[in-house]
Structures are given as structure tokens and as C-alpha cells.
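Here's the structure, in C-alpha cells; my notes come after.
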Amino acid sequence: MAALLQTDKITVCYIEVVINFIKTKCCFLKNLFTFFVSLPLVLKLNQTIMFGNFSYENPTRLHFGEQSLDCLKQELSNYGETVMLSYGGGSIKRTGLYDKVVSILSQAGKTIIEDAGVTPNPTVEKLYEGCRIAKENNVDLILAVGGGSVCDYAKGVAASTWIDEDPWKKYYLDYKDPDTDAKILPIGCILTMVGTGSEMNGGSVITNHSQKLKIGKVFDSRLMPKFTILDPTLTFTVPKYQMVAGFFDIMSHLMEQYFSNDDDNTSDYLNEGLMRSLIHSSRIAVNNPKNYEARSNIMWTATWALNTLVGKGKTQDWMVHMIGQAIGAVTDATHGMTLAAVSIPYYKYIIDDGLPKFVRFAKNVWNINGDNKSEKEIALEGVAALENWMREIGVAMKASEVGLTEDNIEKVADATFLGGGYKKLTRDDVITILKQSL
Ligand code: NZQ
Ligand code: ZN
């Protein structure tokens with residue numbers, strides 16, 4: 001990417017299309033990168049400007065709270081008779097949520113089409129199966145009940161059921177958007193696990209094992225859920241490993257958008273508030289997973305961490321996700337844990353390139369006292385505070401915990417798209433960071 005525009009105080013800004021994606025030889029990495037920066041445009045800001053140009057739209061209606069499932073019946077009245085009920089490996093049956101949802105659907109007079117077995121990291125084979133089921137039954141609504149995987153999958157099915165092309169090729173490999181006049185199925189979501197933000201964004205990550213590709217497509221607002229039910233009590237049963245991986249996923253989404261640009265931007269103030277809330281509530285939740293206040297704050301934070309709001313007017317970073325996803329592609333480890341495993345080495349590696357922001361992070365997010373300290377000392381104390389919090393909640397602190405070895409480092413480096421926020425990484429930089437994370 002081109003360097004940030006450096007001018008004097010003339011408040012000029014412009015948007016530059018990131019055509020270097022096209023120059024990259026690897027379609028998968030190109031798409032992965034595009035997914036995480038969320039837009040095919042990158043705002044180029046000079047140092048004196050708060051915002052570039054952007055559009056903001058989010059059509060997802062949220063129903064939040066312990067009684068929010070009560071809103072499902074009203075939502076259902078907006079759609080036709082046939083509802084495809086998509087869910088994962090069975091947690092919703094064990095928790096009793098399945099019975100409640102089926103009861104509401106039945107009372108609303110809906111015909112239920114069962115669509116079970118969406119795996120974590122949903123596969124292209126399941127996507128094809130979902131499209132077949134939806135088409136054969138001419139479904140009117142996809143109701144996704146589960147975590148980010150079920151929600152991501154539902155978006156893929158919604159966009160693909162009524163197209164003639166291969167959806168894997170069209171949307172994920174070629175990164176095309178649905179046609180203007182495409183028939184897109186509406187999606188509703190009942191979220192049972194927090195972290196990804198899929199409940200209020202257009203992201204859809206699908207894995208193709210035979211091609212060894214995991215690609216995230218960001219669909220436009222037509223594919224965002226029409227409504228999402230956010231009942232924090234539904235997350236009480238998430239196993240601790242998944243729970244804290246989700247907490248770190250949220251923190252990582254926030255940091256990826258925070259560590260870029262040095263201008264005065266409202267998005268960063270919002271971001272700091274979300275990070276502070278997450279840190280506070282996560283400390284409570286790890287000791288008492290059924291603390292409603294903590295789990296509800298975390299659920300709300302997760303949604304706002306990746307519904308595009310706090311990335312507005314920013315170039316963004318996403319190198320932790322690029323390296324973490326590359327580890328995941330090679331080792332199949334849990335998404336949030338791969339991010340945790342490389343974050344501290346990564347941030348120490350780029351700290352000099354974004355020093356003022358790291359100082360701000362230390363002071364505003366971690367309450368570090370800066371008296372009689374150099375900027376570097378303050379910044380490092382901020383990263384140390386992040387590290388302490390990570391140990392406290394119990395995420396992976398070393399990449400060896402998520403399957404990285406001396407032997408597969410080169411493969412992971414090959415699978416990492418080279419971009420960055422304050423520092424543009426080379427392949428050698430990635431290898432250094434990976435070695436430091438072992
Ligand atoms: O399948 P079931 O039986 O439901 O079990 C799930 C699954 O095994 C379980 N679980 C979920 N809610 C539960 C529960 N177990 C007990 N009680 C509950 N209430 O948790 C396991 C993980 O679920 P999953 O949906 O896979 O987790 P997550 O929400 O972290 O989603 C991960 C997927 O989202 C993608 C990831 O790449 C991955 O494929 N992402 C999507 C993003 C987006 N749409 O913007 C951004 C993220 O960075 C991420 O890449
Ligand atoms: Zn993530």
C-alpha cells in the first residue's frame with residue numbers, strides 16, 4: 001500500500017482504491033486480507049484530518065436481553081411460512097434452546113426445515129448442502145441459531161441458493177458481490193456464543209479443506225442479518241476455552257482497528273471505551289461465567305467491536321489476524337487462541353513505528369501513569385498490562401500451544417498476507433515474529 005499522505009496543514013484527504021490486491025498472486029490471501037479490512041477501499045488520511053469519506057449503514061435490528069427471545073414471534077410475522085432452522089453440532093439441543101425455538105416457530109404457524117450440523121469453521125460442502133435444502137423447500141427465511149460459524153454459513157446460503165454459478169468460486173475465490181437483482185434470502189440470528197461480530201456484519205468465513213483454503217467474504221448490507229436476538233444467558237453454557245478465545249477475538253478486533261493513524265478520531269475514543277468495558281467484564285466473567293451483567297456487557301461489546309463502526313475513517317491494521325489465520329490454516333487451531341499467541345510479539349515488534357498510539361493505549365486503556373517515564377517505557381507498560389490480562393483470563397500465550405513448530409514456520413509465513421498498519425511487514429518480519437511467539 002502507498003504510504004500515508006504527508007502534507008502540511010492543508011486539510012486534503014482522499015480515498016485510494018487498493019488495487020495492489022489485484023497484483024497479489026494469491027487469491028486466497030487477497031480475499032482474506034480484504035475480509036479483515038472490511039472494505040475494498042482504504043482511507044488515506046493526512047495527519048490533520050479526522051475523517052476521510054465513507055458510507056455507513058447497518059440494517060440489522062437487535063433485540064437484547066434476557067427476554068429478547070420473546071421478540072422472535074413478532075419478527076417471524078415479517079416472513080413467509082417456510083423457515084430453515086440452521087444450527088451446529090447439538091449444543092442448542094443440550095441447552096433446551098432448540099425446543100424453545102421450535103415451539104415459537106410452531107405457534108407462529110411456520111413450516112420448519114431442519115438444517116443441522118454446521119461445524120465450527122463451516123465447510124464448502126455444508127454450504128452446498130444448505131443451498132440444496134433451501135432451494136428444494138423454497139424457504140422464506142434462514143434462522144441461524146448458534147455462534148459465528150452458523151451465522152457465517154447462513155450468509156453463504158442466503159447469497160447462493162438462487163444463483164446458477166458456483167458460490168465458492170463466485171463469492172469466496174473471485175470475491176464478487178451478489179448481482180444487483182439477485183434473489184437473496186433473509187437471515188435471522190439467535191446468537192449463542194460471542195466473539196466474531198457476525199451477528200451484525202456481512203462477514204462469512206467458509207473453509208474448503210480439499211483446497212486448504214479458509215476464505216472470508218464480506219457481503220454488502222443485503223446479507224447482514226435482518227434481525228438478531230442477543231440473550232446473554234444463552235452464552236452461559238459456552239465451554240471456558242471457547243469463551244476466553246471469544247473474549248480475545250473481541251479484543252483483537254478492537255486493537256486491529258485502533259492501531260493505525262495518529263489523527264484525532266472519534267472511532268478511537270469509542271474503541272477505548274469498548275476495550276475498557278471488555279477488560280473489566282472479562283475479569284468478572286472468567287471467575288463467574290453466569291454473571292449476567294458481565295456477560296451482557298461482553299455480548300454488547302463484541303457486536304460493536306466488528307460491525308464496522310469503530311473502523312470508520314481509519315486505515316486499520318489486521319496483521320495479527322493475518323498471522324493468526326495463517327497459523328489456523330496450517331494447524332486448525334481455535335481462531336481466538338491463534339490471535340492471542342502472536343499478539344504480544346507482534347505489538348512489541350511494531351511499537352516504535354506507532355509509539356504515540358501505544359502511549360495513548362497505555363494511558364487510556366490500561367491507566368498507566370506516565371510520570372517521569374519515557375514514551376517507550378509507558379508504551380511497553382501498556383503492552384505488559386495487555387499481557388497480564390491475557391494470562392489472567394487464560395488464553396494461549398505461545399504459538400506452540402496452537403500447533404506452531406520450528407518445522408511449520410515457513411509454511412505459516414507463506415500463508416501470511418503481508419500488510420500492516422504502522423509497519424508494513426516483510427516475510428522475514430513475519431518469521432521473526434513467529435519465532436518470538438514460539
Ligand atoms: O456446534 P455447536 O454444538 O453449537 O457447538 C459450538 C461450537 O462447537 C459451541 N457453542 C456455541 N454456543 C454454545 C456452544 N456450546 C455450548 N453452549 C453454547 N451456548 O462453540 C463452538 C464454537 O462455535 P463457533 O460458532 O464455531 O465459534 P465462533 O462464534 O468463534 O465462530 C468462529 C467462526 O467465525 C469466523 C471464524 O473464522 C470461524 O470460522 N469469524 C467470523 C467473523 C465475521 N463473521 O466477521 C470474524 C472473525 O474474526 C472470525 O474469523
Ligand atoms: Zn477474529
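The values are calculated or read from the model by the stated rules, or taken from the named source; none is laboratory data. Model, not experiment: these values are computed from the prediction. For neighbour counting, all protein chains shown are included, and Cβ atoms are generated from backbone atoms with ideal geometry for every residue, glycine included.
Points to keep in mind about this one:
- Residues in the range 100-112 include at least one that is under 30 Å from Asp166 (Cβ atoms), at pLDDT 95 or above and either outside the structural domain of Gly203 (by TED's automatic domain parsing) or surrounded by fewer than 19 Cβ atoms within 10 Å (Cβ to Cβ) (or both).
- Residues (charged (D, E, K, R), surrounded by fewer than 23 Cβ atoms within 10 Å (Cβ to Cβ) and under 18 Å from Phe247 (Cα atoms)) located in the range 291-333: Glu293
- Pair list, Cβ < 6 Å and 6+ apart or interchain, from the range 277-289 residues that are assigned by TED's automatic domain parsing to the domain that holds Glu387 to residues that are of a type in the set (Gly, Ala, Ser) and not in a loop (DSSP other than H, G, I, E, B): Ser281/Ala294; Ile284/Ala294; Ala285/Ala294
- Scanning the range 76-104 for residues that are farther than 26 Å from Pro122 by Cα and either β-branched (Val, Ile, Thr) or within 26 Å of the chain's Cα centre (by Cα) (or both) gives a single hit, Ile104.
- Candidates Ser296, Ser252 - the one that is within 12 Å of the chain's Cα centre (by Cα) and either of a type in the set (Ser, Thr, Tyr) or within 16 Å of ligand 2 (Cβ to nearest atom) (or both): Ser252
- Listed by position, the helices (runs of 4 or more DSSP H) enclosed by the range 252-347 that each have at least 1 residues that are in contact with a Ser or Thr (Cβ under 8 Å, 6 or more places away or on another chain) and over 23 Å from Glu401 (Cα atoms) are 266-287, 292-305.
- Residues (of a type in the set (Phe, Trp, Tyr) and away from ligand 2 (no atom under 16 Å from the Cβ)) located in the range 255-279: Tyr269
- For Thr196, the requirement of being hydroxyl-bearing (Ser, Thr, Tyr) and closer than 19 Å to Tyr87 by Cβ is met.
- Helices (runs of 4 or more DSSP H) contained entirely in the range 375-438, each with at least 1 residues that are more than 30 Å from Arg276 (Cα to Cα): 409-414, 427-437
- Scan of the range 404-438 for residues that are hydrophobic (A, V, I, L, M, F, W, C) and either closer than 29 Å to Pro356 by Cβ or touching a residue at least 40 places away in the same chain (Cβ under 8 Å) (or both), ordered by number: Leu404, Val412, Ala413, Ala415, Phe417, Leu418, Leu425, Val430, Ile431, Ile433, Leu434, Leu438
- Candidates Asn364, Asn388 - the one that is surrounded by fewer than 16 Cβ atoms within 10 Å (Cβ to Cβ) and in the same structural domain as Gln325 (by TED's automatic domain parsing): Asn388
- Against the test of being out of contact with any Lys or Arg (no Cβ under 8 Å at 6 or more places or on another chain) and either assigned by TED's automatic domain parsing to the domain that holds Met322 or modelled with pLDDT under 50 (or both), the options Asn53, Asn20 yield a single qualifying residue, Asn20.
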